[in-house]
Amino acid sequence: MIRYDVIGLAETRRRHPFNDVYDTGEELFLGTCDNRGVGGDGVLVNTSLSMNIDSFEQLTTRIRRLRLKRCGSTPALTIFAIYAPISNYDEEEVQAFYMDLERFYREDHAFFKVIIGDLNAKIGPRRSSEERHIVTHGLKRNEQGERFSEFIMATKTIHGNSQFQKPHRQRWTWKSPNGEHHNEIDHIIVNRKLV
């Protein structure tokens, strides 16, 4: 059994939005993909948090926002579920994605903000002292990782994946269909340390 609060889902490829509450109390939200049948994402919310759901919005075909209400002493929380364009997309589309994400992120005033999803980016370890929100526990970096690192620095967020030291063989979040390649392309970004 998987223990979770919220699971981000990517590449759901739904043509129509979907929302369902299961007998267990878990709630599923799925957004739509683009007109090419690419992308789509959503979230699965555990029963323990489902009563705190304020809203779920599709901001673009690649960005969703789940807002959770304040509950007692726990401040409000916004979770952005995202699915970034892959590296062979036009630079303009990649740039537009990051501009949209940064705008939505900055416009949201929740105490805690979390970004989860498939960024198709390999962030790697910190490369310079300016990348203080990225720790040294990443694998390697690609071009998409450079753009992602710029986003982290611009928003002064913290790259959650790199905060924990793990063996390289346990850091991957994606495996190729033939099982030969493993990459860490799914990420968690937070606006402040949650501990």
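Among the strands (runs of 3 or more DSSP E) lying completely within the stretch 12-96, list those that include at least 2 residues that are at pLDDT 90 or above and under 19 Å from the mean Cα position of the chain (by Cα). Let's see the steps before the verdict.
On the way: elements: 18-21, 27-30, 41-45, 53-58, 63-68, 77-83.
In the stretch 12-96, the matching strands (runs of 3 or more DSSP E) lie at 27-30, 41-45, 53-58, 63-68, 77-83.
Only one residue in 53, 86, 63 is within 19 Å of residue 8 (Cα to Cα), crowded, with 19+ Cβ neighbours inside 10 Å and of a type in the set (Val, Ile, Thr), so which one is that?
On the way: 53 fails: crowded, with 19+ Cβ neighbours inside 10 Å; 86 fails: crowded, with 19+ Cβ neighbours inside 10 Å.
Sole residue among the options that is within 19 Å of residue 8 (Cα to Cα), crowded, with 19+ Cβ neighbours inside 10 Å and of a type in the set (Val, Ile, Thr): 63.
Report every pair of residues separated by at least 6 positions or lying on different chains whose Cβ atoms are under 8 Å apart, first residue within the stretch 1-29 and without any contact (Cβ under 8 Å) to a residue 24 or more places away in the chain and closer than 15 Å to residue 40 by Cβ, second surrounded by 13 or more Cβ atoms within 10 Å (Cβ to Cβ) and small (Gly, Ala, Ser).
Once the first residue is without any contact (Cβ under 8 Å) to a residue 24 or more places away in the chain and closer than 15 Å to residue 40 by Cβ and sits in the stretch 1-29, its partners that are surrounded by 13 or more Cβ atoms within 10 Å (Cβ to Cβ) and small (Gly, Ala, Ser) give 28/42.
Residues of the stretch 6-33 being surrounded by fewer than 14 Cβ atoms within 10 Å (Cβ to Cβ) and of a type in the set (Val, Ile, Thr), which ones?
21, 24
Could you look through the stretch 30-74, keep only residues that are of a type in the set (Ser, Thr, Tyr) and free of Cβ contacts under 8 Å to residues at least 40 places away in the same chain, and pick out the one that is nearest to residue 84 (Cα to Cα)? Break it down stepwise before answering.
Of all residues in the stretch 30-74, those of a type in the set (Ser, Thr, Tyr) come to 32, 47-48, 50, 55, 60-61, 73-74.
With free of Cβ contacts under 8 Å to residues at least 40 places away in the same chain added as a condition, the list becomes 32, 47, 50, 55, 61, 73-74.
Numbers: 32: 14, 47: 28, 50: 26, 55: 22, 61: 10, 73: 34, 74: 30 Å.
So, considering only residues that are of a type in the set (Ser, Thr, Tyr) and free of Cβ contacts under 8 Å to residues at least 40 places away in the same chain, the one nearest to residue 84 (Cα to Cα) is 61.
Given (1) over 25 Å from residue 191 (Cα atoms); (2) surrounded by 12 or more Cβ atoms within 10 Å (Cβ to Cβ); (3) of a type in the set (D, E, K, R), identify the lone condition not met by residue 36.
Checking residue 36 against (1) over 25 Å from residue 191 (Cα atoms); (2) surrounded by 12 or more Cβ atoms within 10 Å (Cβ to Cβ); (3) of a type in the set (D, E, K, R), the one that fails is (2).
Among (1) over 23 Å from residue 104 (Cβ atoms); (2) crowded, with 18+ Cβ neighbours inside 10 Å, there is one condition residue 47 misses while meeting the rest; what is its number?
Result: residue 47 fails condition (2) only.
Under 8 Å between Cβ atoms, at least 6 apart or on separate chains: pull out the pairs that start in the stretch 101-124 with a residue that is under 20 Å from residue 40 (Cβ atoms) and end on any residue that is small (Gly, Ala, Ser) and part of a helix (DSSP H, G or I).
Listed by first residue and then by second, the contacts come to 121/145.
Is the stretch 133-140 home to any residue that is surrounded by 13 or more Cβ atoms within 10 Å (Cβ to Cβ), part of a loop (DSSP other than H, G, I, E, B) and at pLDDT 80 or above? Talk me through it step by step, then tell me what you get.
First, pick out the residues of the stretch 133-140 that are surrounded by 13 or more Cβ atoms within 10 Å (Cβ to Cβ): 133-135, 137-139.
Filter again for part of a loop (DSSP other than H, G, I, E, B), leaving 133-135, 137-139.
This time we only want the ones that are at pLDDT 80 or above, so: none.
No, the stretch 133-140 contains no residue that is surrounded by 13 or more Cβ atoms within 10 Å (Cβ to Cβ), part of a loop (DSSP other than H, G, I, E, B) and at pLDDT 80 or above.
Within the stretch 1-11, how many residues turn out to be outside any loop (DSSP other than H, G, I, E, B) and over 15 Å from the mean Cα position of the chain (by Cα)?
Start the filter on the stretch 1-11 by keeping residues that are outside any loop (DSSP other than H, G, I, E, B), which leaves 6-10.
Right, trim to over 15 Å from the mean Cα position of the chain (by Cα) and you get none.
Qualifying residue count for the region: 0.
The values are calculated or read from the model by the stated rules, or taken from the named source; none is laboratory data. Only a predicted model underlies this, so the values are computations on that prediction, with no experimental measurement involved. In this analysis, Cβ positions are derived from the backbone assuming ideal geometry, glycine residues included, and neighbour counts consider all displayed protein chains.
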